[in-house]
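Here the structure is laid out as structure tokens; the discussion comes afterwards.
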Amino acid sequence: MIEKIKSIYMIGVGGISMSALARFLHYRGITVYGSDIVVNDEVKRLLRDGIIKFQKGSAHSFVRLCDVVCYTGAVALDFSDLNLAKKLNKIILSRAQLLGELAKDKKTISIAGTHGKTTTTALIATTLLVNQLNPNVHIGGVLNNINSNVNISQSDLFVTEACEYKDSFLSLNSNICVVLNIKPDHLDYFKNFDNEFASFQKFVDNTDKNGYIVLNNDDKYCRKLKISSKRLTFAIDSDADVKAVNIKKVKGKISFDVLKNGCRLGRIYMSCYGYHNIYNTLATICVCLALNIPFAKIKKGIERYKGVARRFEILSQNRNRLLLHDYAHHPDEIRAILNLCKDLAYKKIITIFQPHTYSRTRDLYDEFLSCFDGSDEVWILPIYPAREKPVKGVTSYKLRIDLAKRGKKAKYFNNFQKCYEEIVKNNDKSIIFAILGAGDIVELANMFKKSN
């Protein structure tokens, strides 16, 4: 289909994934029109690079001009531009369907899981790039090694995140598929965990019979998946094809020996913080072994990884204060970040958190009440709605009240500016401010970037 498209209109083009797809389409000579409700940094970069013609909000003129209309999961299906596209009999694709079309003729490496997709995709991409394999890369964050969320080449390798929301990853047919973990999430769509697990099973089933399925053997639900392709497992605690042993931690940085089928391959010195990133690194090693890359070259790529924006991103640091920003928005991710903060030996941790969507806040409410146990204080901002309308009784202020009832010191701020001012005037010594969330809380982080 891609070969037949001359022009496309992308609704929600400012999303990190959509902006990457826009670049792939532009590279193929397709005229790209785009709209979004805000002119964010991604839109500005696309305009600067001449990738898109843009209009803020609704853009009926773009609908009439294009061959195909593409939309993100955050766009309401009754949005006026989509309604017009239907009336005009335009071809309409979801973001996931478009990604599937772009990856269709490639050897696709798809990385799925409730947590860790972006980091693992970035680690795999970096390792392949460092070793001159120059893959096509589609990633949900800006990879610092290339200062972009996309790499475009003539290679037949295509490395991409595979998101489960709305069954998006079912549009992908993988040569190598990775499942990092399976946890309850996106229950606004799946309704229950059984449906979510069934979707992961379908994703795995879409793997080429001669390909590889890479699984976390420490995750009980990954172990329950039925596998029909070749399997490579990784773990820390369980038996697995690839294992991390002799794990050492020095000033938050981790190193470990890698065993394959019980034989030592060598030692990895991770360049990124966090025990949870051992799993992401092991998954990367499995993928590279499936591609027959020697371990010495895998090690070189992993140790040259420079991280992803909004993933444990240090905004400023001295011995009295550390200010960091992370995309963490699920309770498990929050726990992992706070555990990492403890390793950094500051005396106090204050978490600034923006809940992401009403449904996730409602469905995982009890976990949100307990996931901040590693923080001395929690400052809560209004819920970022994304695609949703408010849910009665689900508010950030209620979360603040219930955290306080559990004995947690908690504050509520109704806007970023007030929160920013409170951080600036805080004179406590040896303190970490952890700014967490997947919504527009990045604007709060950016306030500190501008002030530096």
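Read-outs throughout are calculated quantities, based only on the coordinates presented, and are distinct from any laboratory measurement. Just so it is clear, the structure is predicted and the values come from calculations on it, not from any experiment. Cβ sites come from the backbone with ideal geometry, for glycine too, and all protein chains shown count toward neighbours.
Cut-off under 16 Å on the C-alpha distance; same-chain residues fewer than 8 positions from Lys107 excluded. Which lysines are left, in chain and number order?
Cross-link targets: Lys209, Lys230.
Counting only DSSP beta bridges with both residues in the range 295-452, tell me the antiparallel percent, nearest 5.
On the way: 4 of 25 bridges.
The antiparallel proportion sits near 15 percent.
How large are Rg and Dmax for the range 367-452 when only the alpha carbon atoms are used, in Å?
Calculated on Cα positions, Rg and Dmax stand at 13.7, 40 Å.
Which net charge results when you count Lys and Arg as +1 and Asp and Glu as -1 among the other residues whose beta-carbon is under 10 Å from that of Gly57?
Values: positive: Lys56; negative: Asp36, Asp81.
Around Gly57, the surrounding residues sum to -1.
When the helix-only estimate is applied to the chain (DSSP H runs of n ≥ 4, each -39,500 (n - 2.57), divided by the residue count), what is the mean residue ellipticity at 222 nm, nearest 500 deg cm²/dmol? Before the final figure, lay out the partial values.
Working: 17 runs with 158 residues, N = 452.
Helices in the chain give a 222 nm mean residue ellipticity of -10000 deg cm²/dmol.
Under 5 Å between amide hydrogens, which residues at least 5 positions from Ser316 or on another chain qualify, with H placed 1.01 Å from N in the peptide plane?
Correct list: Leu323.
Using 32 Å as the Cα-Cα cut-off, could you pick out the over-long pairs in Lys191/Lys253; Lys248/Lys398; Lys220/Lys411; Lys248/Lys418; Lys56/Lys117?
Numbers: Lys191/Lys253 39 Å; Lys248/Lys398 41 Å; Lys220/Lys411 36 Å; Lys248/Lys418 41 Å; Lys56/Lys117 30 Å.
Correct reply: Lys191/Lys253; Lys248/Lys398; Lys220/Lys411; Lys248/Lys418.
Among Tyr33, Tyr9, Tyr275, rank each residue by its count of other Cβ atoms within 10 Å, from fewest to most, as a rough exposure measure.
Working: Tyr33 22, Tyr9 29, Tyr275 16.
Ranking Tyr33, Tyr9, Tyr275 by Cβ neighbours within 10 Å, fewest first, gives Tyr275, Tyr33, Tyr9.
Determine, from the Cβ-Cβ distance of Asn246 and Lys300 and an R0 of 30 Å, the FRET efficiency 1/(1 + (r/R0)^6), rounded to the nearest 0.05. Kindly include the intermediate steps, with their values, before the conclusion.
Details: r = 20 Å, r/R0 = 0.67.
Approximately 0.90, to the nearest 0.05.
Size of the dipole of the range 313-451 about the Cα centre, Lys and Arg at +1 and Asp and Glu at -1 on the beta carbon, nothing else charged, in debye to 20? Numbers along the way, then the final one.
Details: 23 positive and 18 negative charges, 93 e Å.
For this selection, approximately 440 debye.
Output the Kirkwood hydrodynamic radius of the range 2-95, Cα pairs only, in Å rounded to one decimal. Don't skip to the answer; put the middle values down first.
Values: mean 1/r = 0.0782 Å⁻¹.
Evaluated on the range 2-95, it is 12.8 Å.
What does the net charge come to around Tyr275 if you take all other residues with beta carbon closer than 9 Å to its beta carbon, with K and R at +1 and D and E at -1?
Working: positive: Lys249; negative: Asp343.
Spelling it out: positives minus negatives among the neighbours equals 0.
How large is ³J(HN,Hα) for each residue in the range 107-122, as worked out from phi by the Karplus curve 6.51 cos²θ - 1.76 cosθ + 1.60 (θ = phi - 60°), to whole Hz, x for Gly and Pro?
In residue order, the calculated couplings are 7, 8, 10, 10, 10, 10, x, 5, 10, x, 4, 5, 4, 5, 4, 5 Hz.
Going toward the positive end of the dipole of the chain, with +1 on Lys and Arg Cβ and -1 on Asp and Glu Cβ, which of Leu84, His329, Ser171 do you reach last?
Of the candidates, His329 comes out farthest on the positive side.
Can you tell me what share of the DSSP beta bridges in the chain is antiparallel? A percent to the nearest 5 is fine.
25 percent
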